[in-house]
1. Which count do you get for residues in segment 86-131 that are touching a helix residue (DSSP H, G or I) at 6+ places or on another chain (Cβ under 6 Å) and farther than 18 Å from residue 172 by Cα?
2. Taking residue 167, is it buried (at least 18 other Cβ atoms within 10 Å of the Cβ), modelled with pLDDT of 90 or more and farther than 18 Å from residue 222 by Cα?
3. What number of residues within segment 32-56 are surrounded by fewer than 14 Cβ atoms within 10 Å (Cβ to Cβ) and more than 22 Å from residue 72 (Cβ to Cβ)?
4. Name every residue in segment 129-157 that is assigned to a strand (DSSP E or B) and crowded, with 16+ Cβ neighbours inside 10 Å, in order of residue number.
5. Could you check, for segment 172-180, whether at least one of its residues is crowded, with 20+ Cβ neighbours inside 10 Å and over 16 Å from the mean Cα position of the chain (by Cα)?
6. Find the strands (runs of 3 or more DSSP E) located wholly in segment 7-91 whose residues include 2 or more that are touching a residue at least 40 places away in the same chain (Cβ under 8 Å) and more than 28 Å from residue 195 (Cα to Cα), and list them.
7. Taking residue 192 and the conditions (1) within 19 Å of residue 211 (Cα to Cα); (2) in contact with a strand residue (DSSP E or B) (Cβ under 9 Å, 6 or more places away or on another chain), which numbered condition does it fall short on, given that it satisfies the others?
């Protein structure tokens, strides 16, 4: 049994920049993602096994246990990509009403993933998109591997609801989707009523967002078949911000790990 979905409003990969400029977002199909990032789909597929090694997100304030993740940060200066010392992920409450204001220390992306050709091409490709959109050449990049599952009957990809991330460009790449319904992506104008809704179903479909202009969210997922609760939705979310990592001007000492956090 399948659930009805709205198809993504795909644009050709060479129309991505124009779509970002005109609408504040762009959706490209898997082939377009590969072309835009100069990485083959086989190379990208080689990354997918690492999602099985994600660890539980212990910071969910809604008490859920449906999210696993890893997080690492990088500095991209032109074509030079450098992994930053491991750091906490931080957002202000203004951008994340549920988890804002917390320094969340997640396990880093595995070294073998970071060392792969596909990973570096992916980040450099997104940096090129951001540079064309913002005319900056130095980017502070955060990469989040997410797995949302339905083990408890429901999983929430964005428990904070519709939001912006406080960065310049956001990329959401669907890595895998199996045994679930729901998970509809919604993109809204930040300053108006216009919006689009669609469901990403094919691995390596990519949504690019101009974070200053649009808000986004993904609806909860549920098991596609009643009683079968092993469904998952895997994504890679990459944010690019000019100037500094978000939170670097905070008085909170990011070198201190969390003494305690919600379980």
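The values are calculated or read from the model by the stated rules, or taken from the named source; none is laboratory data. Because the structure is a prediction, the values reported are computed rather than measured. All Cβ positions, glycine included, derive from the backbone under ideal geometry; neighbour counts span all protein chains shown.
1. Count: 1.
2. Judged against the criteria, residue 167 is a match.
3. Total satisfying the criteria: 1.
4. Within segment 129-157, 139, 140, 141, 142, 143, 144, 145, 146, 147, 148, 149, 155 meet the criteria.
5. Yes, some residue in segment 172-180 is crowded, with 20+ Cβ neighbours inside 10 Å and over 16 Å from the mean Cα position of the chain (by Cα).
6. Those strands (runs of 3 or more DSSP E) span 67-77.
7. The number of the failed condition is (2).
Matching residues to (1) without any contact (Cβ under 8 Å) to a residue 40 or more places away in the chain; (2) more than 22 Å from residue 17 (Cα to Cα):
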site: 177; (1), (2): no, yes
site: 183; (1), (2): no, yes
site: 195; (1), (2): yes, no
site: 200; (1), (2): no, no
site: 207; (1), (2): no, no
site: 213; (1), (2): no, no
site: 224; (1), (2): no, yes
site: 229; (1), (2): no, yes
site: 233; (1), (2): no, yes
